[in-house]
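> My structure is below; once you've seen it, I'll send some questions.
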Amino acid sequence: MSAKRVPAAVGVLATVGAAIVVVPIIGLLAKTHWSGLVDALSGPAVADALGLSLVTSAITTFVAVAVGVPLAVVLARATVPGLRVLRALVTIPLALPPVAGGVALLLTFGRRGLVGAWLDEGLGLTVPFTTAAVVLAQLFVSLPFVVAATEAGIRALDGRHEDAAATLGARPGRVLWRVTLPMALPSIGAGAVLCWARALGELGATITFAGNLPGRTQTVPLAMFVQLDQDPDAAVALSVLLLGVSLVVLIALRDRWVPAFGRVRHRAEPTA
Amino acid sequence: MRVAAAASLRDALTAAAGQGALPAAELSFAGSQAIAAQAIAGAPLDVVITADEVTLNRLLEADVVDGAPRPFARNRLAVIVSDAGGGARLVRRLADLARPDVRVVLADPAVPVGRLAAVALARAGVIVHPASLEQSVAGVVTKVALGEADAGIAYITDLGHDDLGGFAVADPTAVTTYHAVVLRSAGDRAAARRFVDALQGAATQRALAASGFLAP
């Protein structure tokens, strides 16, 4: 639709929708003490938190794609019973309050937890209060994004190219790797970006399950949360930092890897 | 009427309110530093109760307080251990918290109990590497009670709950005083002052003593 053909009512609602997101961001930037920003951000605590956030969210995204894409393939293509239940379960973290997710992780992987007790006694491994726990917490809340986006992308494919490849003799694995996934790549990319963004901003599950220790488990959102009670200017500075990092990555990715979320572009000729 | 109180007062004040020792009010509990930040930012609270004087001073300096602060109870630090975990065996003295095989959880130094614990440990020359810095004493208690940590530093009023064992910290400076203040933004200041008066009343003092609090 060209601008001339958007109904006025739609335009008004759209403006309200945009304002809901844009105005608070403007509010944040307006109240930032720009002159003191560099000072507020140049402590070792900030460098620790930022480094930890970037490393853990990157690991989370990598693992989420590595296991989430196969899960999405199963949900989209497999014919075993119980898939609807599985899909619902995998989507639960999207609706569950993050702290509840943290509690669930604690009761499962904690030292007296369902799995954790065995890990602790059998292998001497404890999970809570480690950086691995940070990744687990992030994975729990952001894996659904990869799965949902990828499944939608695979389902949107009409199957012609896959059928053609199979007719030409390609085994299912080859069809998947050379036809299906390349064509679903934009959706996988969109899911990965959402996953990374969610992992970067994760707070509730992390603080409950991984704890709060600078250098090991205190990510930028945790540092912000802690600073809010002690030094609000520092909290604002960290918010602006996170906003900046997110903008840089999202703009750098742009349409190159991430067309509009969920929109699937079919490549003209899949490699076979 | 909205009253925000330090997390360590939850059981005692809720019991006192249940017994009718306190005027009707909506009680909420959190780390003192979080409550102070909210009060300073303009949250609609009538009475605020802090667990130490540092947080109280923040409120006074921010000029949100009406009238004088009223001390009404004190508490002492205690090392808490989980009866079920290894903590009970491994930790018998404050110095045991420095052992590498003991997993310790402390409160963040911004939290009253965390600040007090840091001072007490420094005075005793004990260097602890905590696994986590919690944002309220309730966080420390939960982690130890769940067995995720072997030991932590909380208050003597936390001993005996949730299967927690442990011992008081003997250092004479390891004691903190609770103060209640009425906020300028209180809707009904007279009612808020009555609540604060009731904290020093005999019935509430009995409930506090029953929970292990020390007299002001």
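Readers should treat all values here as calculations from the given coordinates under stated rules, not as data from a laboratory. What you see is a predicted model; the values in this text were computed from it and never measured. Backbone-built Cβ (ideal geometry, glycine too); neighbour counts: all protein chains shown.
> Work out the length of the dipole vector of region A:41-199 about its Cα centre, built from +1 on the beta-carbon of each Lys and Arg and -1 on the beta-carbon of each Asp and Glu, and round it to the nearest 20 debye. Please report the intermediate quantities before stating the final value.
Numbers: 11 positive and 7 negative charges, 72 e Å.
Dipole about the Cα centre, nearest 20: 340 debye.
> Along the principal axes of its C-alpha atoms, what lengths does chain B span, in descending order and rounded to whole Å?
53, 34, 28
> Follow-up question, since we're still on this one. Rounded to whole Å, give me the distance from the Cα center of region A:40-105 to that of region A:125-156.
1
> So who's got an amide H within less than 5 Å of the one on B:ALA149, skipping anything under 5 residues away but keeping other chains? H placed 1.01 Å off N, in plane.
B:VAL144
> Name the residue from A:ALA199, A:ALA100, A:ALA164 whose Cα lies farthest towards the positive end of the charge dipole of region A:76-224, charges +1 on Cβ of Lys and Arg and -1 on Cβ of Asp and Glu.
A:ALA164
> Can I ask one more? Can you list the trypsin sites (Lys or Arg not before Pro) in region B:145-216 that are in a DSSP coil and have 15 or fewer other beta carbons within 10 angstrom?
Values: sites: B:ARG184, B:ARG189, B:ARG193, B:ARG194, B:ARG206; in loops: B:ARG184.
Hits after loop and neighbour filter: B:ARG184.
> Taking DSSP loops as anything outside H, G, I, E and B, show the longest stretch in chain A free of trypsin sites (Lys or Arg not before Pro) there with at most 15 other beta carbons within 10 Å. Walk me through the intermediate numbers first.
Working: sites that count: A:LYS31, A:ARG112, A:ARG263, A:ARG265, A:ARG267.
The longest uninterrupted stretch comes out as A:113-262.
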